[in-house]
Amino acid sequence: MNPKYKSPARIPLAKRDWIERELTVAPAWCSVDLRDGNQALPMPMNPAKKLEYFKLLAEIGFREIEVSFPSASQDDFEFTRELIEGNHIPDGVRISVLTQMRENLIRRTVESLKGVRKATLHAYLATSDLHGRIVFGKSREELKKMAVEGTKLVKRLVEEAGMKEVLAYEFSPEEFTDSDIDFCLDLCIAVKEAWGKSAKNDFILNLPATVERRPPWHYADMIAYFIRKYPYLEETTISVHSHNDQGCAVASTEMTLLAGAERVEGTLFGHGERTGNVDIVTMALNLKSLGIDPKLDFSNLPKVVKAVEEASGIEVHQRHPYAGQLVFTAFSGSHQDAIRKGFEKRKESEELFGVGWKMPYLHIDPADVGRTYEKLIRINSQSGKGGIVYVLEHDYGIHPPKNMHAEIGAAVQRYTDRKGDEIDAAELIQVFREDFVCVKGPLELIKYTRVPNSEEADDTATVQVRLSILFQGKPLEITGIGNGPISATVHAIRNNASLYDFILEDFSEQTLGGTADAKAIAYVGIRRKSDNRLFYGAGEHPNIDQAAILALFTAINKAMNDEAKAAGQ
């Protein structure tokens, strides 16, 4: 029986000397954020967002930007035309567009580039047996014929359009790292010969790890082997495109550069299919930490983070190596002490190690990316919700649901704006209790009673509750049924008594502390029917049912108080 998994065979190199090399210069960078990164977003960018993102990439310093797959959608075609006709492409920037090796798609792609000053037409064809035989049902010879004929068509159409002098050609043997290396080499040689003579920068072979199935050194071996056998290096730029399926895209890419690759395709913060592309931010700043000019400007990294988060709808992880909210923050007292001494003796370190920056626990100067070193979480009007929630979690054991984080952050910001200064953890918990636990309003719980089911009841899962409450100062007795205490209380307030119209959106609970008499805390989010706005409340009580009901009352009071304030009452 065949094993479910096995290690791919390593390429037999007669001499593996690439491992002895050191990186000394940055590669040519090509951003694929607007094509590869964008197509994999839960909500792809619209043309206006793509244009803002394009301008950001150019501002950072990218000189090659893959902008679209113009034959795949009208939006992508029109975006390419807008870049060209709207004169949005700065001098020195070359855009790139992607196409498959099919005649109608190639024609549409060439059409999208008419009038461009400088561009790359990027064509791809999967060369692995997995794709060739299983997905396409084609032999290796048939794939080679497709690649050659497609390249000849690109060349002819480009010449007919009068764009030979402004268009470069890029070919990607998709799934290079899962392909037979000698077949891939033979196919790429045939593609180059079909294209003919070229300047080095105008013919690109992009050799991608489309799916990361190999360890990083295997990929480097394949690049080294390819380069040794490929006869047209003086007329070809060797490029790599690493995906992150095994979490090694940065390591793989750095090793392929040692093996001779000259160009890197990737995205800011690694957006892309599945686990994403290689993260160019990490790659570039790794080079900077080695004393190599990355040729990209991330000196205001918080600005880049904000722009990418807004465009993609995906937050940058708090532990991202350079951009994460917490990566230049020391929580441990011993770390803080070591860093403090490092700053105090910075000149001594410079003399001892012969470098301008050698700091305990901080491998790069935060100032180089527009950040500062933080000792613990500093809570002020500029604090992120992640840091605020971190203190609640680690100092007080309070773990609010993720959808509640933004509302907590807004409450803290209102408080710090009024105070005009930082607050400590004690003030933070005070803000949390005042804004989410001890909220007074029209609704007040006097007594909660869970009514036992009668012996004759058919549905033993049904819960009945009786509530003594004050509503706008008037005492009321209300009852409700549901599949649990919280749903029964919702039924009592909303359906039976018709006190307020809302939807129960979110509910979770936890125990505070590990003792038998520990309090419970519950979190409830309701959505107000009138405007669909979400409000969260929290409740604390030794009884978990009452904690949940108190949280619900708080959320309703917040919603009703907000309405009263808007009405000027």
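Taking only the C-alpha atoms of segment 399-487, Rg followed by Dmax gives 19.1, 62 Å. Dipole check for the chain: with +1 at the C-beta of Lys and Arg, -1 at the C-beta of Asp and Glu, and the Cα centre as origin, the magnitude is about 560 Debye. Karplus couplings for segment 34-45 from phi (6.51 cos²θ - 1.76 cosθ + 1.60, θ = phi - 60°), rounded to Hz, Gly and Pro as x? After applying 6.51 cos²θ - 1.76 cosθ + 1.60, I find 7, 10, 5, x, 5, 5, 9, 7, x, 10, x, 5 Hz. P(r) tail, segment 1-72: Cα-Cα pairs separated by more than 17 Å, 64% of all pairs. Summing charges over neighbours of C438, with a neighbour being any other residue whose Cβ is under 13 Å away from its Cβ, gives -1 when K and R count +1 and D and E count -1. Counted over the chain, the DSSP beta bridges are approximately 50% antiparallel.
With a 1.4 Å probe rolled over the protein heavy atoms of all chains, the accessible area of T372, T210 falls in the order T372, T210, largest first.
Assign one of three labels to segment 250-366, namely rounded, prolate or oblate, based on the Cα gyration tensor with a ≥ b ≥ c the square roots of its eigenvalues; rounded applies when a/c is under 1.5, prolate when it is not and a/b is larger than b/c, and oblate otherwise. Oblate, because a/c is 1.5 or more while a/b does not exceed b/c. Structural descriptor for segment 65-184: relative contact order 26 percent, calculated from alpha carbon pairs under 8 angstrom and at least 6 residues apart.
Approximating the spin labels as points 7 Å out from Cα along Cα→Cβ, the K565-to-Q74 distance works out to 4.5 nm.
Taking the average, over residues, of other Cβ atoms within 10 Å as the packing measure, peptides 320-328, 486-494 rank 486-494, 320-328 from highest down. Using the rule -39500 (n - 2.57) for each DSSP H run of four or more residues, divided by the residues of the chain, the 222 nm mean residue ellipticity is -11500 deg cm²/dmol. Highest mean packing comes first when the peptides 101-108, 304-311 are listed by Cβ atoms within 10 Å, giving 304-311, 101-108. Highest average first, the peptides 72-78, 555-561, 91-97 ordered by how many other beta carbon atoms sit within 10 Å of their residues are 555-561, 91-97, 72-78. Taking the charge dipole of the chain about its Cα centre, with +1 at Lys and Arg Cβ atoms and -1 at Asp and Glu Cβ atoms, the residue from N201, T127, L504 reaching farthest to the positive side is N201. Remark: relative contact order (the chain) = 9 percent; criterion is Cα-Cα distance under 8 angstrom and separation of 6 or more residues.
For L512 and A426, a Förster radius of 22 Å and the Cβ-Cβ distance give a FRET efficiency of 0.85, rounded to the nearest 0.05. Computed extension length for A40-D293: 88.1 nm, one decimal, from 0.36 nm per residue of separation with the Cα-Cα distance subtracted.
Pairs of Cα atoms nearer than 8 Å and 6+ residues apart set the relative contact order; for segment 1-120 it is 21 percent. Across the alpha-carbon atoms of segment 414-551, the computed radius of gyration and Dmax are 17.0, 62 angstrom.
Applying the criteria of a DSSP loop state and at most 16 other Cβ atoms within 10 Å to the trypsin sites (Lys or Arg not before Pro) of segment 148-223 yields K164, K197. Fully extended, how many nm does the chain gain between R274 and S530 (0.36 nm per residue separation, minus their Cα-Cα distance)? Value of the extension gain: 88.3 nm.
The orientation-averaged shadow of the Cα convex hull for the chain, equal to a quarter of the hull surface, comes to 37.1 nm². Across the accessible surface of segment 1-144, with the other protein chains kept in place and a 1.4 Å probe, carbon and sulfur atoms take up 50 percent. For segment 393-435, what does the alpha-carbon gyration tensor say about shape, rounded, prolate or oblate, given a ≥ b ≥ c as the root eigenvalues, a/c under 1.5 as rounded, and a/b over b/c as prolate? Oblate. 3J(HN,Hα) couplings calculated from phi for segment 77-94 with the Karplus curve 6.51 cos²θ - 1.76 cosθ + 1.60 (θ = phi - 60°) are, in sequence order, 4, 5, 5, 4, 5, 5, 4, 6, 6, x, 6, 8, 8, x, 4, x, 9, 10 Hz; Gly and Pro show x.
The values are calculated or read from the model by the stated rules, or taken from the named source; none is laboratory data. All values reported here derive from a predicted model rather than from experimental measurement. Here Cβ is always computed from backbone atoms with ideal geometry, including for glycine, and neighbour counts include all displayed protein chains. When the accessible area is computed, the model is the full protein with side chains, heavy atoms only, and any ligands, DNA or RNA have been set aside. Shrake-Rupley method; radii C 1.70, N 1.55, O 1.52, S 1.80 Å.
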